[in-house]
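Here it is, the structure, as structure tokens.
Every read-out reported here was derived from the displayed coordinates using simple, explicitly stated rules and does not represent laboratory data. In this text, all values refer to a predicted model and were calculated from it rather than measured experimentally. Note that each Cβ is placed from the backbone with ideal geometry, even for glycine, and that neighbours are counted across all protein chains shown.
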Amino acid sequence: MKAFENYEVWWVTGAQLLYGGDAVVAVDAHSKEMVDGLNNSGNLPVKVVYKGTANSSKEVADVMSAANNDPRCVGVITWMHTFSPAKMWIHGLQQLHKPLLHFHTQYNAEIPWDTMDMDFMNLNQSAHGDREFGHICSRMRLRRKVVVGHWTDPEAQKHIAVWQRVAAAWADSQDMLILRFGDQMNNVAVTDGDKVEAEVRLGYHVDYTPVSELMEHFKKVADSDVDALVETYFKEYAHDAELEDKQTEGYRKVWNAAKAELALRSILTAKGAKGFTTNFDDLGTQDITAPDFVGFDQIPGLASQRLMAEGYGFGAEGDWKSAALYRTVWFMSQGLPKGCSFLEDYTLNFDGKNSSILQAHMLEICPLIAEERPRLEVHFLGIGVRKSLTARLVFTSKPDNGVTATVVDMGNRFRLIVNDVKCIKSKPLPKLPVASALWIPQPDFEVGAGAWILAGGTHHSCFSYDLTPEYWEDYAEIAGIEMLHINKDTTIAGFKNEMRWNEVYYMLNKSLYL
Ligand code: MN
């Protein structure tokens, strides 16, 4: 899969010299065969590279240190072929700063009942060795994923594939730069937070970027490039024929929206940023009638929609946590078919057991989740510093199951809140020309929405049809942050208890959090 071709995960086999050199030679051959088998399965998005057997403390420390220092390596898979005394893993595991997956598997599948002898036993000892290794990981309080299953089993391979995608996205977020054009929307609490802690804990960096700097890029956009992009819009999206009439206000708005997109892409590229936030009150010169006006004539919503589809993180109203999280969602789900988007809880639809929440935004929903071909439209938008006709893509999203997620800052920790949701068919919204989704939070509207609010969840979240809760479990484990998962089994009473227990856990067990 092309998206992850710059990454690899390393496989290190635990062994020892107790059984003699011949045994290690056999272990080595088995390991190679298993790694080849995984790579040839077609189920893994990231290549597995076999790094040999580790037979001593020094060999373990050397390979872990090399894993840290190789930018291609996004994580390490360990497997104890034979009994591998785990004290020899201590120094290496202390050094490892990349995601760890412990694969509890075995070279041999079924016991050869009639022929099994002690030599065979010694070569198929992961039942034994993986417990010794698991103990030292638990003893050292190491965060890791444990996958159990035969290496040829597609189910086991799928669990590894999930972890690989999360590990790759984790690597991507470690040098992630998010540009904030303007600040938070004034007085909004839930989208704000501790940017220093975010960099310590989650890796990404958030930079204030003056809108005047963005406008320097805007000024340099060539008209011919704008013309070409407008042509692309008309080819890609359904639209009224009159929108192509260059004499109309509608065409002028589409043209200006395309220029805004080129300016945003230009500054994102120049700074090597992976995401951005906007603020509808800060779009250039405040007074649009000023003789020296330089600014966007409308909220750059169409640009945000298209840049999200390209993989740029986006958060509206200065929401940098959502911008970073959306980039991670997009990155993890590369090559998966159904799509993802930044969304906002917009309005409630009370309808008994089918009560649901309309997800939308003023403009900024990613077209990757569209059910039909998006429609390019221009309508008046009366919010923010520009009250103006504004270009946008309009569509409804696919009815299907998905998962939405958000990160909030609880003051002493980040909390990841994940909710399984069921997207249902929405009715037409002729007077609300924005992209939208309509979903029933699981286990139902009452408990799902109630739990989300009790957890302090945002009105903004990052939604995906493709990612399952397992991705978020792996992400929270790698990041070392709290995860609350609202799903079919959630009850309010149980959820409240979980939050109370977590409160104590993160207060008392600071060492685990760190
Ligand atoms: Mn919003």
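Would you order CYS137, CYS340 from fewest to most other beta-carbon atoms within 10 Å of each residue's own beta-carbon? Before the final figure, lay out each step's value.
On the way: CYS137 18, CYS340 27.
Ordered by Cβ neighbours within 10 Å, fewest first: CYS137, CYS340.
I've got another one for you. Spelling out what I want: for every residue of the range 78-87, take phi, set θ = phi - 60°, compute 6.51 cos²θ - 1.76 cosθ + 1.60 (Karplus), and round to whole Hz; glycine and proline get x.
Per-residue couplings from phi come out as 10, 8, 9, 4, 10, 5, 10, x, 7, 4 Hz.
Using +1 on the beta carbon of Lys and Arg, -1 on that of Asp and Glu, and nothing else charged, what's the dipole of the chain about the Cα centre, debye to 20?
Numbers: 50 positive and 67 negative charges, 109 e Å.
With Lys and Arg at +1 and Asp and Glu at -1, about 520 debye.
Pull up all non-local amide H partners of VAL49: gap of 5 or more, or a different chain, and H-to-H distance under 5 Å with H placed in the peptide plane.
VAL9, TRP10, TRP11
Now for a different question. Apply the Karplus curve 6.51 cos²θ - 1.76 cosθ + 1.60, θ = phi - 60°, to the phi angles in the range 109-123 and return the couplings in whole Hz, x for Gly and Pro.
Karplus values, whole Hz, x for Gly and Pro: 8, 9, 5, x, 3, 7, 10, 5, 10, 5, 4, 4, 3, 5, 8.
On to the next question. Once amide H atoms are placed 1.01 Å from N in the peptide plane, what residues at a sequence separation of 5 or more from PHE314, or on another chain, have their amide H within under 5 Å of its amide H?
Amide H neighbours of PHE314: PHE276, TYR326, ARG327.
Ordered by residue, what ³J(HN,Hα) values in Hz, to whole numbers, does the range 293-299 give under the Karplus form 6.51 cos²θ - 1.76 cosθ + 1.60, where θ = phi - 60° and Gly and Pro are x?
Ordered by residue, 3J(HN,Hα) equals 4, 9, x, 6, 8, 7, 4 Hz.
Which whole-number percentage describes the relative contact order of the chain, with Cα contacts under 8 Å and a sequence gap of 6 or more?
Numbers: 1053 pairs, mean separation 61.9, N = 514.
Relative contact order comes out at 12 percent.
If the limit is 32 Å between Cα atoms, which of LYS235/LYS488; LYS47/LYS271; LYS271/LYS425; LYS431/LYS488; LYS274/LYS338 go over it?
Values: LYS235/LYS488 42 Å; LYS47/LYS271 30 Å; LYS271/LYS425 40 Å; LYS431/LYS488 34 Å; LYS274/LYS338 22 Å.
Violating the 32 Å Cα-Cα cut-off are LYS235/LYS488; LYS271/LYS425; LYS431/LYS488.
Going by how many other beta carbons lie within 10 Å of each one, how would you line up THR232, THR13, THR406, fewest first? Write down the numbers at each step before the final one.
On the way: THR232 11, THR13 29, THR406 26.
Exposure proxy ranking, most exposed first: THR232, THR406, THR13.
If you don't mind, another one. Only sites in a loop by DSSP and with at most 10 other Cβ atoms within 10 Å count here; which trypsin sites (Lys or Arg not before Pro) in the range 325-408 make the cut? Write out the running numbers ahead of the final one.
On the way: sites: ARG327, LYS338, LYS353, ARG375, ARG386, LYS387, ARG392; in loops: LYS338, ARG386, LYS387.
Passing sites in the range 325-408 do not exist.
Quick one: if the Förster radius is 41 Å, what FRET efficiency do GLU249 and LYS271 give, using the C-beta to C-beta distance and rounding to 0.05? Walk me through the intermediate numbers first.
On the way: r = 33 Å, r/R0 = 0.81.
Efficiency, from the Cβ-Cβ distance: 0.80.
Taking Cα pairs under 8 Å and at least six residues apart, what relative contact order does the range 2-173 come out at, in percent?
Working: 308 pairs, mean separation 48.0, N = 172.
Relative contact order for the range 2-173 comes out at 28 percent.
For the range 308-325 and the range 424-489, what is the centre-to-centre distance using only Cα atoms, to the nearest Å?
Centre-to-centre distance over Cα atoms comes out at 16 Å.
In degrees, nearest 10, range 0 to 90: what is the angle between the Cα axis of helix 211-220 and the longest Cα principal axis of the chain?
80
Tell me which residues come under 5 Å, amide H to amide H, from ASP319 once H is placed; ignore anything under 5 positions away on its chain.
Amide H neighbours of ASP319, under 5 Å, 5+ apart: THR278.
Using alpha carbons only, how many degrees (0 to 90, rounded to 10) separate the axis of helix 492-508 from the longest principal axis of the chain?
For 492-508 against the chain, the angle is about 70 degrees.
May I ask you to list the GluC sites (Glu not before Pro) in the range 1-107 that are in a DSSP loop and have at most 15 other Cβ atoms within 10 Å of their Cβ? Spell out each step's value before the answer.
Numbers: sites: GLU5, GLU8, GLU33, GLU59; in loops: GLU5.
In loop regions of the range 1-107 (DSSP not H, G, I, E or B), the sparsely surrounded GluC sites (Glu not before Pro) are GLU5.
Give me the dipole magnitude in Debye, nearest 20, for the range 138-219 about the Cα centre, with unit charges on the beta carbon: positive for Lys and Arg, negative for Asp and Glu. Don't skip to the end; give the middle numbers.
Working: 11 positive and 12 negative charges, 126 e Å.
Result for the range 138-219 is approximately 600 debye, rounded to the nearest 20.
While we're looking at this one, here's another question. So which trypsin sites (Lys or Arg not before Pro) in the range 415-513 are both in a DSSP loop and have at most 14 other Cβ atoms within 10 Å of their Cβ?
Details: sites: ARG415, LYS422, LYS425, LYS431, LYS488, LYS496, ARG500, LYS510; in loops: LYS425, LYS431, LYS488.
Counting only loop positions with at most 14 other Cβ atoms within 10 Å, the trypsin sites (Lys or Arg not before Pro) in the range 415-513 are LYS425, LYS431, LYS488.
Additional query: In degrees from 0 to 90, rounded to the nearest 10, what is the angle of the helix 320-332 Cα long axis to the longest principal axis of the chain?
60
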